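Report on the following structure.
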Amino acid sequence: MGYYVTTPIYYVNAEPHLGHAYTTIATDVLARHMRQRGEEVFFLTGTDEHGEPVAQAAERLGTTPRELADLNSPRFRNLVARVNATADFFIRTSDAEHEDGVRRVVQGLYDSGHIYAGTYEGWYCPRCADFKTEGELIDGNRCAIHKIVLVREKEDNYFFRLSAFQEPLERLYAERPAFVVPQHRYNEALSFIRQGLTDVSMSRASLTWGVPVPWDERQVIYVWIDALLNYYTALSYARPGQDLESRFWPPTVQVMAKDILKFHAVIWPALLMAAELEVPERLLIHGYLLMDEEKMSKSLGNVIDPFQVIDMYGTDALRYYLLREVTLGQDGSVSPEGFETRYASELANEYGNLASRSLAMIAKYRDGEVPSAEAGAELIADFDGLADRVRERFDALDLTGALDDVWQLVRRLNRYVQEQAPWALAKDPAEAKRLDSVLCGLAEGLRVVSVLLYPFMPDTVARLMAALGRPDSNELALERARFDPTPSGHTIAELPQLFPRVERPLASPAA
Ligand code: ME8
């Protein structure tokens with residue numbers, strides 16, 4: 001069975017920001033790690049183009065929703081490339097094939113009695129594209145997220161019988177304690193379900209930007225139903241002629257931030273059960289990137305432009321920083337200063353310098369040949385079990401823990417250089433054997449940490465592996481991340497500077 005990972009599909013009502021980059025990068029780290037394990041991975045991302053968020057933004061800008069989508073969707077696609085995410089397909093919900101797929105599923109739900117006509121009366125936030133209960137409002141009539149005053153709506157539309165899935169959902173949660181990761185998000189979703197589910201509106205009468213309801217073209221399908229189904233429809237046309245559904249359905253891990261937990265942890269599995277499709281295996285819910293304690297968001301305007309960071313520091317530095325700085329699953333503050341600190345102290349110093357020093361010593365003392373020797377026993381012991389620990393971390397979707405485990409060994413290697421002082425050994429011919437052992441251990445340690453760092457910093461690792469004389473992509477397989485106590489000799493090559501000094505400090509967005 002394949003390994004199917006997804007990001008949310010992002011609204012095209014504005015340009016991508018660092019929050020979107022974060023989810024896409026985290027998903028890519030997971031996808032790359034799983035490919036290192038030999039898994040067949042399918043990685044989906046894309047844009048959500050229908051509904052009020054996009055229609056209203058277009059109106060504000062004096063353009064049409066389609067034009068806005070055509071302008072911004074390529075920017076999200078470009079972000080995928082710039083963060084070096086290995087997405088296998090980029091879906092747009094305006095794709096004709098997706099729209100057909102949505103109509104097919106929704107018609108099936110209607111035919112099997114899961115959808116009925118009714119009247120919605122209550123609060124609706126067009127920015128969230130979400131129906132709100134009284135308890136979710138502030139000051140009695142304002143959206144707690146967007147702070148805008150909402151109008152009470154009364155509208156004839158179609159309802160999805162979510163209430164019928166109260167028990168099936170409770171059973172799902174009971175049977176699958178890891179359905180939602182981390183645990184506190186699982187608890188949050190389950191307690192929402194336990195409060196009692198009411199049917200949800202699944203069409204909009206007052207909107208034209210969307211997929212028409214097949215049996216009643218005066219209405220369009222509610223954008224969230226349309227959007228959620230992207231994960232399913234994409235498999236039907238991403239690779240014409242191939243049956244991806246049988247290989248990849250259901251999704252293995254679906255990644256997103258906590259803002260859209262309810263849709264994915266409650267409505268989505270119910271919708272799939274109604275359609276008699278398997279529900280995803282796990283949802284990985286991360287927190288918010290914060291700037292000065294506030295959620296980074298386009299409506300608040302406190303966003304960092306990922307393209308700018310990448311232009312200055314490179315993709316891998318951004319990937320590393322986000323995964324390292326923000327514990328996946330919790331909110332975390334990011335800042336230009338924090339970025340620069342980690343860039344200089346961890347990337348340039350701890351990893352970059354370790355690599356350049358080690359290779360320079362091999363060049364200088366051993367004429368560019370990694371000696372074929374026996375590595376030091378303490379070093380061997382320190383690497384013992386590392387690859388298995390990293391594998392377990394990824395199994396638990398603890399990407400932060402995986403990176404931290406590897407970084408401990410990067411630091412260990414730095415200490416090893418200090419302890420062994422190869423430059424001193426090189427002065428004493430009687431220590432030649434020990435120097436061989438130290439240099440061979442360093443090269444081997446560097447190789448192992450790099451294989452494990454590959455999902456986080458793919459380009460950097462590829463360059464380093466080439467310099468270590470191991471350019472073959474087979475070298476990146478996870479099974480190669482075992483410390484070999486007696487590695488055979490290798491010729492090293494020149495290593496370009498991995499993390500050059502950047503003179504211009506990252507401009508703060510307020511500046
Ligand atoms: O909700 N911190 O689209 P969206 C972390 N179209 N992640 C963030 C973030 C932040 N400050 N800001 C955004 C939608 N994100 C719907 C989804 S899916 C069927 C439909 C990321 O453009 C995070 O992944 O508002 C969040 O869940 C997503 O962008 C919301 O993107």
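Report, by residue number, each residue of the stretch 123-144 that is aliphatic (A, V, I, L, M) and under 22 Å from Leu207 (Cα atoms).
Ala129
Any residue at all in the stretch 279-288 that's more than 9 Å from the ligand (Cβ to nearest atom) and either under 26 Å from Ile148 (Cβ atoms) or hydroxyl-bearing (Ser, Thr, Tyr) (or both)?
no
Here are the criteria: (1) out of contact with any Pro (no Cβ under 7 Å at 6 or more places or on another chain); (2) touching a residue at least 24 places away in the same chain (Cβ under 8 Å). Tell me which single one Leu300 does not satisfy.
Against the list (1) out of contact with any Pro (no Cβ under 7 Å at 6 or more places or on another chain); (2) touching a residue at least 24 places away in the same chain (Cβ under 8 Å), Leu300 comes up short only on (2).
Any residue at all in the stretch 353-371 that's within 16 Å of the ligand (Cβ to nearest atom) and either in contact (Cβ under 8 Å) with a residue 12 or more places away in the chain or more than 28 Å from Arg501 (Cα to Cα) (or both)?
no
Within the stretch 132-163, work out how many residues are of a type in the set (S, T, N, Q) and exposed (fewer than 13 other Cβ atoms within 10 Å of the Cβ). Steps first, answer last, please.
Quick first cut of the stretch 132-163, residues of a type in the set (S, T, N, Q) only: 133, 141, 157, 163.
Next, from what is left, pick out any that are exposed (fewer than 13 other Cβ atoms within 10 Å of the Cβ): 133.
Total meeting the criteria: 1.
From the list Leu328, Leu323, pick out the single residue that is crowded, with 20+ Cβ neighbours inside 10 Å and not in a helix (DSSP H, G or I).
Testing whether each residue is crowded, with 20+ Cβ neighbours inside 10 Å and not in a helix (DSSP H, G or I) leaves just Leu328.
Return a yes/no flag: does the stretch 304-323 have any residue that is away from the ligand (no atom under 16 Å from the Cβ) and more than 21 Å from the chain's Cα centre (by Cα).
Scanning the stretch 304-323, I find at least one residue that is away from the ligand (no atom under 16 Å from the Cβ) and more than 21 Å from the chain's Cα centre (by Cα), so the answer is yes.
Quick check on this structure: which one of Tyr22, Tyr11 is within 14 Å of the ligand (Cβ to nearest atom) and closer than 15 Å to Ser94 by Cα? Full working, then the answer.
Values: Tyr22 fails: closer than 15 Å to Ser94 by Cα.
Step by step, each of Tyr22, Tyr11 is checked, and only Tyr11 is within 14 Å of the ligand (Cβ to nearest atom) and closer than 15 Å to Ser94 by Cα.
Being acidic (Asp, Glu), under 19 Å from Ala363 (Cβ atoms) and either within 35 Å of the chain's Cα centre (by Cα) or buried (at least 17 other Cβ atoms within 10 Å of the Cβ) (or both) narrows it down to one residue among Asp405, Asp436; which is it?
Of Asp405, Asp436, the one residue that is acidic (Asp, Glu), under 19 Å from Ala363 (Cβ atoms) and either within 35 Å of the chain's Cα centre (by Cα) or buried (at least 17 other Cβ atoms within 10 Å of the Cβ) (or both) is Asp436.
For the stretch 210-254, enumerate the residues that are without any contact (Cβ under 8 Å) to a residue 40 or more places away in the chain and of a type in the set (Phe, Trp, Tyr).
none
Looking at the stretch 217-263, which of the residues that are part of a helix (DSSP H, G or I) and among the β-branched types (Val, Ile, Thr) is farthest from the ligand (Cβ to nearest atom)?
Thr233
If Phe131 meets every condition in (1) in a strand (DSSP E or B); (2) more than 30 Å from the chain's Cα centre (by Cα) apart from one, which number is that one?
(2)
No value in this document is a laboratory result; all are computed from the given coordinates. Because the structure is a prediction, the values reported are computed rather than measured. Cβ atoms come from the backbone with ideal geometry, glycine included; neighbour counts cover every protein chain shown.
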